[in-house]
Amino acid sequence: MTNPRDVKYANESIARWQDALKRRGLLATNNIAFACLRGFLHELRARLPLAAIATVGNHLPAVQRGVFYQDWVPSEPLPTPDLATFETALARRLLPHIHMPDGLVADMLWLIGTESETFDAAAIRAVLPVPLAEVWDRLTFR
């Protein structure tokens, strides 16, 4: 019996994402990179309507998808009027364990855009809140 590709390469994928985020964000450890990844995914999820949550989840690799859905309680999406609102909420989410690194939002969007297949990245980009989509559109991928 063969394993699905997502299952077979799940550990490699999350390790690659952590390493890429650690290098791009100049983070000290993989633990910090993972905390940033989890915090970003949870803050993003909190700001998406149900259909968009499903879209993002369906286009993340297996482990990242599990992290995205971890501890989820469906609720109305939080407003995201601007990038500062998102960054403030993310910084609060990361404390007291770590202080949010400068540029984390852009680094996370870059990570998703570069580590995802093109069609997965496009599907995720399509459902981002406007302030995050604007950051995405300023990034250079690959």
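Values in this text are rule-based calculations from the coordinates and carry no lab data. Everything numeric here is computed off the predicted structure, so don't read it as measured data. Positions of Cβ are backbone-derived with ideal geometry, glycine not excepted, and every protein chain shown enters the neighbour counts.
Here the gap between L50 and A123, fully extended at 0.36 nm per residue and compared with their Cα-Cα distance, gives a gain of 24.8 nm. 3J(HN,Hα) couplings calculated from phi for the range 98-113 with the Karplus curve 6.51 cos²θ - 1.76 cosθ + 1.60 (θ = phi - 60°) are, in sequence order, 9, 8, 5, x, 4, x, 4, 4, 4, 5, 5, 5, 4, 4, 4, x Hz; Gly and Pro show x. Taking 1.567 mPa s as the viscosity and 4 °C as the temperature, the Stokes-Einstein diffusion coefficient of the chain based on its alpha-carbon Kirkwood radius rounds to 85 µm²/s. Is the shape of the range 63-142 best called rounded, prolate or oblate, per the rule: a/c under 1.5 gives rounded, else a/b larger than b/c gives prolate, else oblate, with a ≥ b ≥ c the square roots of the Cα gyration tensor eigenvalues? Rounded, because the longest to shortest axis ratio a/c is under 1.5. Centroid-to-centroid, using Cα positions, the range 49-102 and the range 104-142 are 14 Å apart. Of the peptides 89-102, 54-67, 8-21, the order by per-residue mean of other Cβ atoms within 10 Å, starting with the highest, comes out as 54-67, 8-21, 89-102. Placing unit charges on each Cβ (+1 for Lys and Arg, -1 for Asp and Glu) gives the chain a dipole about its Cα centre, and among P129, A91, N31 the Cα reaching farthest toward its positive end belongs to N31. The dipole here belongs to the chain: it is taken about the Cα centre, uses +1 on the Cβ of Lys and Arg and -1 on the Cβ of Asp and Glu, and is about 280 debye. Here the 3J(HN,Hα) profile of the range 79-87, calculated from phi with Karplus coefficients 6.51, -1.76 and 1.60 at θ = phi - 60°, is x, 10, x, 7, 5, 4, 4, 5, 5 Hz, Gly and Pro shown as x. With Rh defined as the Kirkwood radius, the inverse of the mean 1/r over Cα pairs, the Rg/Rh of the range 1-56 is 1.08. Summing Lys and Arg as +1 and Asp and Glu as -1 over all other residues whose Cβ lies under 12 Å from the Cβ of A52 gives a net charge of +3.
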